[in-house]
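The values are calculated or read from the model by the stated rules, or taken from the named source; none is laboratory data. Being a predicted model, the structure only gives us computed values, none of them experimental. Because the Cβ atoms are built from the backbone with ideal geometry, glycine has one as well, and the counts that use them run over all protein chains shown.
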Amino acid sequence: MSNGEMMEPNVADILIEALPYIRQFSGMSIVVKYGGHAMVDEQLKNDFARDITLLKFVGLHPVVVHGGGPQINQVLEKMGIKTSFVRGMRFTDEETMDVVEMVLGGKVNKAIVAQINRHGGKAIGLSGKDGGLITAEKLTIMDDTSGDKPPEIIDPGLVGNVKRIDPDIIATLSDRGFIPVIAPVGVGANGETYNINADLVASKVAAAIGAGRLILLTDVDGVLDSEGNLISSINAADAGKMVASGVVTGGMIPKIEYALDAIRYGVEKVQIINGRRRHAVLLELFTDSGIGTEVVA
Ligand code: ARG
């Protein structure tokens, strides 16, 4: 048998496997948080842009929310601005906020837009300021882990919490065939600018637009059990228990919390997948077993 003959049934099988999902997802809004290694590696960047374009052409309404920590670090360093983190959040003074807004809303956002457009998608870049998309308020954290001392208030500066998402502009763009690409920068009641965690924005956007799916790209395979094995599928209640019991640690904790939040607000499934794998989004959405962890209601 020639190589060609051996390949053919496999390719057909893959397409057949995808078909029910293409049908199921038709017309569905799906929010993809784009970040980590997939945003740094040239090959992965290109794959991602093409995958998002493909989603649009097969009838889904993808919405991209992106991060950009490493890119912000680079520019801060070039400008000689010191940066520090409190509880995983960048301490954001006014000067830092200016850089964050320039890098996320400018360079990074437009690069993603251009890459999607190169593949024939019609991407539009937005920050939370455009069309009043993201209203934010200042985030402060109470740290009561210090035992018998009174709780300490941690102030990360211009780091924001999402107060409200106005779904209008996203719906308008999606319906007209565009792919919204959102930088996680919000605006406060007095016009002040806030730096917001991209996972949080993605979760809130998914809830606000009534998305069927939220996909969080990470640099790990998904949620791991206590033996370190990938959990392919988990329901919200069990995921909550895993966080409470300390099986889930580090950066995965807030991700699961954002996932649970999205599900609480009606998103039917959240998929946490490894953006280091080529075409991770397509493999998760269009195969039966997926490649990461799905969190379902
Ligand atoms: N492709 C299907 C979907 O998106 C199934 C995905 C299963 N994923 C998993 N990690 N178990 O609904």
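Listed values, structure above:
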{"item": "The listed residue being over 30 Å from G157 (Cα atoms) and surrounded by fewer than 24 Cβ atoms within 10 Å (Cβ to Cβ), out of D238, D219", "result": "D238"}
{"item": "Selection from segment 265-277 of residues that are over 15 Å from D219 (Cα atoms) and more than 8 Å from the ligand (Cβ to nearest atom)", "result": "Y265, G266, V267, E268, V270"}
{"item": "Residue, surrounded by the fewest Cβ atoms within 10 Å (Cβ to Cβ), within segment 263-290, restricted to residues that are touching a residue at least 60 places away in the same chain (Cβ under 8 Å) and in a helix (DSSP H, G or I)", "result": "L282"}
{"item": "Filter result for E257 (within 11 Å of the ligand (Cβ to nearest atom) and outside any strand (DSSP E or B))", "result": "no"}
{"item": "Residues being touching a residue at least 60 places away in the same chain (Cβ under 8 Å) and either assigned to a loop (DSSP other than H, G, I, E, B) or touching a helix residue (DSSP H, G or I) at 6+ places or on another chain (Cβ under 6 Å) (or both) - total across segment 72-121", "result": "11"}
{"item": "Residues of segment 238-263 classified as within 22 Å of G210 (Cβ to Cβ) and either of a type in the set (A, V, I, L, M, F, W, C) or over 13 Å from the mean Cα position of the chain (by Cα) (or both), total", "result": "8"}
{"item": "Residue list for segment 122-158, restricted to those being in a helix (DSSP H, G or I) and of a type outside the set (D, E, K, R)", "result": "G131, G132"}
{"item": "Among residues of segment 227-236, those that are part of a loop (DSSP other than H, G, I, E, B) and either within 14 Å of the ligand (Cβ to nearest atom) or in contact (Cβ under 8 Å) with a residue 24 or more places away in the chain (or both), counted", "result": "3"}
{"item": "Unique residue being more than 12 Å from the ligand (Cβ to nearest atom), more than 21 Å from V162 (Cα to Cα) and among the hydrophobic types (A, V, I, L, M, F, W, C) when the list is A262, A280, A297", "result": "A297"}
{"item": "Number of positions in segment 137-179 that are of a type in the set (D, E, K, R) and either closer than 30 Å to G121 by Cβ or within 19 Å of the chain's Cα centre (by Cα) (or both)", "result": "6"}
{"item": "Top-ranked residue in segment 180-226 [being part of a strand (DSSP E or B) and either within 16 Å of the ligand (Cβ to nearest atom) or at pLDDT below 95 (or both); ranked as nearest to the chain's Cα centre (by Cα)]", "result": "L216"}
{"item": "Which numbered condition I169 fails, given (1) touching a Gly at 6+ places or on another chain (Cβ under 6 Å); (2) in a strand (DSSP E or B)", "result": "(2)"}
